[in-house]
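A.B. asks: What follows is a single structure, and I will ask about it in a moment.
The values are calculated or read from the model by the stated rules, or taken from the named source; none is laboratory data. Quick caveat, the model's predicted, so the values are computed rather than measured. All Cβ positions, even for glycine, are placed from backbone atoms using ideal geometry, and neighbour counts span all protein chains on display.
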Amino acid sequence: MEAWSRWFRAWPLLLRGRFLEAWQDSTGFWASILARGINNSLWLLVFYLFFLRFPEVRGFRFEDLVLTWAMAFGALGLLQVLWGGVLGLARLAETGELEVHLALPVPPLPYLLSLRLQPTGLGDLLWSMGTLVFLGVNWLYALCALIGASLVALGFFLALASLSLWGLRVQSLLPVAYAGLVQFATWPPNVYKPAIKALLLSLIPALWLGPLPARAVVEGSGLLTLWASGLGFLALGSVGFWVGLRRYVAPGG
């Protein structure tokens, strides 16, 4: 408990340190943020032109797409800002650098998750917040949905990265998995067949990042289910990490 207490006291300082580290190259920092905003906006412009020709696709309109994108990129941006270390966890295990961090007198999992802050993630998060302001959504619902969706993403990537503790080389798969989540989370959910939807709610939890949070914001319901799923994925990822870590640090592991 003492180690957890030290970590909770140190976490704000750790986040501040990661921010200052990213800020060392201020030009690159702001360029990354601006690039994400421009990229997301240009893609929305392309879809805006599409929806001018086809105003509704299986009940999905342009404003639905905008909200879905805002939730998906906001959730992934929040992940990269607060827990960006999960995307580098597999690399630490594969290169042996993980052992250096395990020697520190802090709880290893939250510390490792806080090791990295991605400026591109901050760009996605700021773009998402700006878009939500423009849409005029209920901010309480939106914030709750963003956090719940971010927990789903955190649990998914933690479970995937934990495979590296068993000797599997998965770091090269993480960018592919990230791109896949973005791709599936930003498409109209009604285009998927039931079997694909089941897959996108479980093994590749993309629907929990965009369409379902967007629906929760609009209807004001489904937030408890979203949070339950987020905590479930996080619990699964955490168990995978701790079991894998025991194997990793064991003699001959």
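A.B. asks: Among the numbered criteria (1) surrounded by fewer than 21 Cβ atoms within 10 Å (Cβ to Cβ); (2) modelled with pLDDT of 90 or more; (3) not basic (Lys, Arg), which single criterion is violated by TRP23?
C.D. replies: Result: TRP23 fails condition (2) only.
A.B. asks: Quickly run through region 121-141 and pick out the residues that are assigned to a loop (DSSP other than H, G, I, E, B) and either touching a residue at least 24 places away in the same chain (Cβ under 8 Å) or touching a Pro at 6+ places or on another chain (Cβ under 9 Å) (or both).
C.D. replies: Of everything in region 121-141, those that are assigned to a loop (DSSP other than H, G, I, E, B) and either touching a residue at least 24 places away in the same chain (Cβ under 8 Å) or touching a Pro at 6+ places or on another chain (Cβ under 9 Å) (or both) turn out to be VAL137, ASN138.
A.B. asks: Next up: Give the residue, chosen from LEU42, LEU52, LEU79, LEU67, that is more than 20 Å from MET129 (Cβ to Cβ) and in a helix (DSSP H, G or I).
C.D. replies: LEU52 is the lone residue from the list that is more than 20 Å from MET129 (Cβ to Cβ) and in a helix (DSSP H, G or I).
Residues are listed down the side, and each one gets a yes or a no for (1) under 30 Å from GLY220 (Cβ atoms); (2) hydrophobic (A, V, I, L, M, F, W, C); (3) surrounded by fewer than 17 Cβ atoms within 10 Å (Cβ to Cβ):
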residue	(1), (2), (3)
ARG16	no, no, yes
LEU45	yes, yes, yes
LEU87	no, yes, no
LEU115	no, yes, no
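A.B. asks: Buried (at least 18 other Cβ atoms within 10 Å of the Cβ), outside any loop (DSSP other than H, G, I, E, B), of a type in the set (Gly, Ala, Ser) and at pLDDT 90 or above, is that true of ALA145?
C.D. replies: Criteria met by ALA145.
A.B. asks: Residues to consider are ALA93, ALA72; find the one that is in a helix (DSSP H, G or I), out of contact with any Phe, Trp or Tyr (no Cβ under 8 Å at 6 or more places or on another chain) and closer than 23 Å to GLN171 by Cα.
C.D. replies: ALA72
A.B. asks: If you don't mind, there's one more thing I want to ask. Does region 169-182 hold any residues that are surrounded by 11 or more Cβ atoms within 10 Å (Cβ to Cβ) and part of a helix (DSSP H, G or I), and which are they?
C.D. replies: Result: GLN171, LEU173, LEU174, ALA177, TYR178, GLY180, LEU181, VAL182.
A.B. asks: Of everything in region 82-116, what is within 19 Å of ARG247 (Cα to Cα) and of a type in the set (Ser, Thr, Tyr)? Give them in sequence order.
C.D. replies: Once the filter is applied, which keeps residues that are within 19 Å of ARG247 (Cα to Cα) and of a type in the set (Ser, Thr, Tyr), region 82-116 yields only THR95.
A.B. asks: Continuing with the same structure: Given the residues LYS193, LYS197, which is the only one that is charged (D, E, K, R) and surrounded by 14 or more Cβ atoms within 10 Å (Cβ to Cβ)?
C.D. replies: Checking each option against the conditions leaves just LYS197.
A.B. asks: Among the residues of region 102-120, which ones are over 17 Å from LEU158 (Cα atoms) and in a helix (DSSP H, G or I)?
C.D. replies: Within region 102-120, PRO119, THR120 qualify.
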